[in-house]
Amino acid sequence: MRSTLVEGRTAIVTGAAQGIGLAIATLLAEHGASVVISDINIDAATQSAESLRSKGYHAIAVACDVTDEQAVESLADTCQREFGSVDIMVNNAGITRDATMTKMTLADFRTVLDVHLTGAWLGTRAAGRVMREQRRGAIVNISSISGKVGNFGQTNYSAAKAGMVGLTKASAKELAKYGVRVNAIQPGLIRTAMTAAMPPEVLAQKMAEIPLGRIGEPEDIARAALFLASDLSGYITGTVTEVTGGRHM
Ligand code: NAP
């Protein structure tokens, strides 16, 4: 029997052309949601949306750079216009620009803060605007375990991902009275293009720290996101869920 966990709901996932975002959008669609695959890379987003539609799911692609205020506002408007509501918002888009602080440029610090933290703030504000009127909604911010423990060579990324925790909790307090929940996920080491770029010795060292003994798959994050987006988590807001195989518990 087909699951109806988010049947009739609508979902926007940013940075959803590939990786964790695509896995989240796919699982939400499999469980009944109409999904907006939004990404800065519109060609890849269009392909991903087409692939979901070919399986019988409701999916559209929308170009959106999450650092662009107007683009994020119109992303929420497009979802509402095309599907009638914005029930689920997943702020997932991300980049890395790793370097130790002595080598990191201010531009690379600011760019990473802008994509992750400002992007999630813009997404939360735009979706929150629609959700307040609807008196329901669930926002899921994809932070990182690096926001909890801080990673060598990632002062920009760790700061941004820790900032997303503050954003999650503060916006959860502001939106709770409208029936809108906001939660964060902190993934550990997940097999995507982002981690494929890691030197093999760094990957092996990180793998050795995972109590459950395997790298995470994008679907591991998607299942947590589905839970936080659905009514299964109806009494949960302002929380951070670590999906790390036990690493940095
Ligand atoms: P990914 O495979 O690189 O996918 C990220 C997507 O976001 C890409 O399609 C990328 O497009 C897009 N993007 C980049 N900048 C954007 C912008 N300004 N506006 C809209 N879209 C943009 O990465 P992933 O591994 O799936 O990561 C997804 C999220 O999980 C990120 O927030 C990441 O920090 C977080 N995370 C990942 C891991 C991990 O181990 N993989 C661990 C912890 C947290 P381009 O490819 O064109 O740049």
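The values are calculated or read from the model by the stated rules, or taken from the named source; none is laboratory data. Bear in mind that the values here come from a model prediction, so they are computed numbers and not experimental data. Ideal geometry is used to build each Cβ from the backbone, glycine not excepted, and the neighbour counts take in all protein chains shown. Heads up: the accessible areas ignore ligands, DNA and RNA and are worked out on the full protein's heavy atoms, side chains in. Shrake-Rupley method; radii C 1.70, N 1.55, O 1.52, S 1.80 Å.
Within the shell of other residues whose beta carbon sits under 11 angstrom from the beta carbon of Asp108, the net charge comes to +1, with Lys and Arg scored +1 and Asp and Glu -1. Largest GNM mean-square fluctuation among Ala33, Ala93, Ala196, using the chain with Cα springs under 10 Å: Ala196.
Subtracting the Cα-Cα distance of Lys177 and Met249 from their residue separation scaled by 0.36 nm leaves 22.8 nm. Near Ala229, once Lys and Arg are set to +1 and Asp and Glu to -1 for all other residues with Cβ below 13 Å from its Cβ, the sum equals 0.
Surface composition of the chain: carbon and sulfur make up 55 percent of the accessible area, probe 1.4 Å. For the range 10-242, dividing the convex hull volume of the Cα atoms by the residue count gives 118 Å³ per residue.
Working note: 222 nm ellipticity from helices only, DSSP H runs with n ≥ 4, each -39,500 (n - 2.57), summed and divided by the residues of the chain, gives -14000 deg cm²/dmol to the nearest 500. Neighbours of Pro199, meaning other residues whose beta-carbon lies under 14 angstrom from its beta-carbon, give a summed charge of -1 when Lys and Arg score +1 and Asp and Glu score -1.
Only Cα pairs under 8 Å and 6+ residues apart enter the sum, and on that basis the relative contact order of the range 34-128 stands at 27 percent. Summary value for the chain: 18 percent relative contact order, contacts being C-alpha pairs under 8 angstrom separated by 6+ residues.
Computed about its Cα centre, the charge dipole of the chain is approximately 660 debye, with only Lys, Arg, Asp and Glu carrying charge at their Cβ. If the segment from Glu219 to Arg53 were pulled out straight at 0.36 nm per residue, it would be longer than the present Cα-Cα gap by 57.8 nm.
Using the 1.4 Å probe convention, the accessible area of the chain works out to 46 Å² per residue with neighbouring protein chains retained.
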